[in-house]
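To start, the structure itself, in structure tokens.
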Amino acid sequence: MSKNLSELSGRKGLEDNLFDRMGKLAQNDGAPTIEDLDQLAEEFLIGKANTYGTTTFYDFLKPENKGKKAYVCNGTACVCAGTQEKVLEKLKSQYADNEIGHMTCLGRCHENYAFHIAGENYSGDAIDDLKNIVETKKAVSDNYTVKAYGKAILTAPFSSVQEYYKPFRKALKKDQVEVLEEIKTANIRGRGGAGFPMGLKLEFCRNVENETKFIICNADEGDPGAYSDRYLLEKQPHSVLFGMLIAGYVTKASYGVLYIRAEYPDAATIIQSAIDELNSVGLIGENIDDSGFNFNFKIIRAQGSYICGEETALINSIEGQRPEVRIRPPYPAEQGLFNKPTVVNNVETLAGLHYIIENGGNAWKKLGTERSSGTKLVCLDSFFKNPGIYEVEMGTSLATVINELGGGFKLPIKAMQIGGPLGGVVPLSKIDSLTIDFESFANGGFLLGHASIICIPEDFPMMNFIEHLFDFASYESCGKCFPCRLGTKRGHELAFKALNSDYKIDKELFYDLLTTLEQGSLCAHGGGIPLPVKNALTYFENELNPFFA
Ligand SMILES: Cc1cc2nc3c(=O)[nH]c(=O)nc-3n(C[C@H](O)[C@H](O)[C@H](O)COP(=O)(O)O)c2cc1C
Ligand code: SF4
């Protein structure tokens, strides 16, 4: 059935996109009306249950969130810092309770303190200026440190469009396979979490015969603690567009879709300006530079759902279907958006291509470690003396990142969650044994993920942390498979009951639950949440023991 829906949604192409239309219908009131949805269903021939089922999934389309005017960030960094009570209290002085919602997360983890009003994000002390913000709707830009430790590639200053795209113009004169070989030689691995080699993914897609193919930039950076994709989209937009153009050229795809999360409103505006710039100098459109290569971009604004970062849920989302994870195979490279061959890559992975195309695959391969090549952006939260984004070579020691770059911790910290909600809980005792690369983290029993670091303060109870993780995981579960749909909910119920009564959790059953999640879940959402929970149980056994029978 969903395969047919993909075809039906694709009939109108990207220009008249079903999901886009749903978003636009929600712009005035916060949710489309039933009449609007009925009309859309008729126009796209997809049935009323589908338009209704889709819109009721998303935070910014669902009827119960209609009328929300202000949002508090409830991402892990803000929760651990305990800043959001104050934000909420202050917002209540200007808004009724039912006008205040939540967003996860606003990507202002360098301050662990954030809120959103009328399409603008604010962080930290801006809440003290709330009255003024409400009256003037003035945007406040936030500042954070961005530094390279060693070679600056992703954080290098931008020259000019003409200069920056010279390697692209040169690449267009080369055979596509030759360009692809450079990417394969670089052995650049996906930065979105799974670390899959980009060159192979491009090759799979290239090898599927189809006159319509898509390159999707996954700009749904939902991991609390991570704001490096936001940085690239807002401050280095051409690095992302360049990467998509090259990916399009080598796979023979003519369409690039940027799926940008609603929580990053500035990113979509900035990317659109960069696309307009490319248009004005003839670097997109038909027959670019007389090469026979055609490429056009489309921005799709997401509507508030963490699971849409998972690539197949993301594809369903663009199609206007309920964003449930798809069963693989077929993989997107074979059958993706509108059932066409599709490459989905993370923002940072795509941004790495400029250096590779300009300097050759070997130049990238020389950086980092044997299996994790190149550089990586690492995000530090405000518990560090120097919060910000740091570009480091893969293989850099975690101790260097924490102590030299981050300047150490401002307050007593007992652990860090590294790599998002599915990433491990790393106790301080493990700092000296880890380096920033996929292998080191996996061998140590953790996950590099997108390499964001959130600190867990000494006085933040670990059971509250577990409860928060399960709460997040159950709220964001797509619901397709029952181990995750029910298991994350049960995990949350157990942690909540243990925290709020004298109930003791049966440890054996709790481990059964974690194993069921790990082994029975369809995707890495349900399958990944046991990792941080197990780390917490291992390294904070004494603290957690009183909650278990
Ligand atoms: C629950 C979940 C959330 C994810 N969120 C993101 C995300 O926000 N951004 C992202 O690039 N990848 C995310 N991923 C990984 C994507 O499914 C996919 O592997 C990635 O976009 C591929 O790009 P890459 O190879 O460049 O990493 C997520 C995966 C899961 C299971
Ligand atoms: S593990 Fe969770 S998010 Fe993934 S498919 Fe199953 S229900 Fe959906």
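Here are the numbers:
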{"read-out": "Residue that is surrounded by the most Cβ atoms within 10 Å (Cβ to Cβ) [pool: residues in segment 360-411 that are hydroxyl-bearing (Ser, Thr, Tyr) and part of a strand (DSSP E or B)]", "value": "390"}
{"read-out": "Residue check for residue 232: surrounded by 20 or more Cβ atoms within 10 Å (Cβ to Cβ), closer than 19 Å to residue 277 by Cα and under 24 Å from the mean Cα position of the chain (by Cα)", "value": "yes"}
{"read-out": "Some residue of segment 78-94 being in contact with an Asp or Glu (Cβ under 7 Å, 6 or more places away or on another chain) and either among the charged types (D, E, K, R) or free of Cβ contacts under 8 Å to residues at least 40 places away in the same chain (or both)", "value": "no"}
{"read-out": "2 or more residues within 27 Å of the chain's Cα centre (by Cα) and of a type in the set (Gly, Ala, Ser): qualifying helices (runs of 4 or more DSSP H) within segment 122-226", "value": "none"}
{"read-out": "From the options 155, 136, 185, residue that is surrounded by fewer than 18 Cβ atoms within 10 Å (Cβ to Cβ) and either in contact with a strand residue (DSSP E or B) (Cβ under 9 Å, 6 or more places away or on another chain) or at pLDDT below 90 (or both)", "value": "136"}
{"read-out": "Checking residue 510 against (1) open to solvent by less than 30 Å² (accessible area, probe 1.4 Å); (2) within 15 Å of residue 76 (Cα to Cα); (3) among the aromatic types (Phe, Trp, Tyr), the condition it does not meet", "value": "(2)"}
{"read-out": "Of all residues making up segment 314-343, the number that are closer than 30 Å to residue 377 by Cβ, open to solvent by 10 Å² or more (accessible area, probe 1.4 Å) and away from ligand 2 (no atom under 16 Å from the Cβ)", "value": "1"}
{"read-out": "So residue 445, is it more than 16 Å from ligand 2 (Cβ to nearest atom) and touching a strand residue (DSSP E or B) at 6+ places or on another chain (Cβ under 8 Å)", "value": "no"}
{"read-out": "Any chance residue 246 is open to solvent by less than 10 Å² (accessible area, probe 1.4 Å) and under 23 Å from residue 339 (Cβ atoms)", "value": "no"}
{"read-out": "Exclusive hit being open to solvent by less than 10 Å² (accessible area, probe 1.4 Å) and either outside the structural domain of residue 344 (by TED's automatic domain parsing) or in contact with a strand residue (DSSP E or B) (Cβ under 6 Å, 6 or more places away or on another chain) (or both), set 264, 255, 259", "value": "259"}
{"read-out": "Among the residues listed as 33, 83, 76, 56, the single one being closer than 30 Å to residue 464 by Cα, surrounded by fewer than 18 Cβ atoms within 10 Å (Cβ to Cβ) and either aliphatic (A, V, I, L, M) or not assigned by TED's automatic domain parsing to the domain that holds residue 260 (or both)", "value": "56"}
{"read-out": "Residue in segment 103-110 that is free of Cβ contacts under 8 Å to residues at least 60 places away in the same chain and either surrounded by fewer than 23 Cβ atoms within 10 Å (Cβ to Cβ) or part of a strand (DSSP E or B) (or both) present", "value": "no"}
{"read-out": "Residue match in segment 488-496 (condition: away from ligand 2 (no atom under 16 Å from the Cβ) and within 21 Å of the chain's Cα centre (by Cα))", "value": "no"}
{"read-out": "Residue pairs meeting the criteria (Cβ under 6 Å; at least 6 apart or on separate chains; first open to solvent by 10 Å² or more (accessible area, probe 1.4 Å), in segment 418-436; second within 16 Å of ligand 1 (Cβ to nearest atom))", "value": "422/528"}
{"read-out": "Residue among 193, 199, 225, 285 that alone is more than 16 Å from ligand 2 (Cβ to nearest atom), under 30 Å from residue 475 (Cα atoms) and either of a type in the set (Phe, Trp, Tyr) or open to solvent by less than 30 Å² (accessible area, probe 1.4 Å) (or both)", "value": "225"}
{"read-out": "Filtered residue count, segment 288-307, keeping only those that are within 16 Å of ligand 2 (Cβ to nearest atom) and either over 30 Å from the mean Cα position of the chain (by Cα) or not in a loop (DSSP other than H, G, I, E, B) (or both)", "value": "2"}
{"read-out": "Single match in 479, 526 (criterion: outside the structural domain of residue 324 (by TED's automatic domain parsing), within 16 Å of ligand 2 (Cβ to nearest atom), in contact (Cβ under 8 Å) with a residue 12 or more places away in the chain and not in a helix (DSSP H, G or I))", "value": "479"}
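One line per residue, one yes/no per condition, for (1) open to solvent by 50 Å² or more (accessible area, probe 1.4 Å); (2) outside any loop (DSSP other than H, G, I, E, B); (3) within 16 Å of ligand 1 (Cβ to nearest atom):
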position: 484; (1), (2), (3): no, yes, yes
position: 487; (1), (2), (3): no, yes, yes
position: 490; (1), (2), (3): yes, yes, no
position: 493; (1), (2), (3): yes, yes, no
position: 503; (1), (2), (3): yes, no, no
position: 514; (1), (2), (3): no, yes, no
position: 518; (1), (2), (3): yes, yes, yes
position: 535; (1), (2), (3): no, yes, no
position: 543; (1), (2), (3): yes, yes, no
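The values are calculated or read from the model by the stated rules, or taken from the named source; none is laboratory data. Just so you know, these numbers come straight off a predicted model, no measurement behind them. Cβ sites come from the backbone with ideal geometry, for glycine too, and all protein chains shown count toward neighbours. SASA here: full protein model, heavy atoms, side chains in, ligands and nucleic acids out. Shrake-Rupley method; radii C 1.70, N 1.55, O 1.52, S 1.80 Å.
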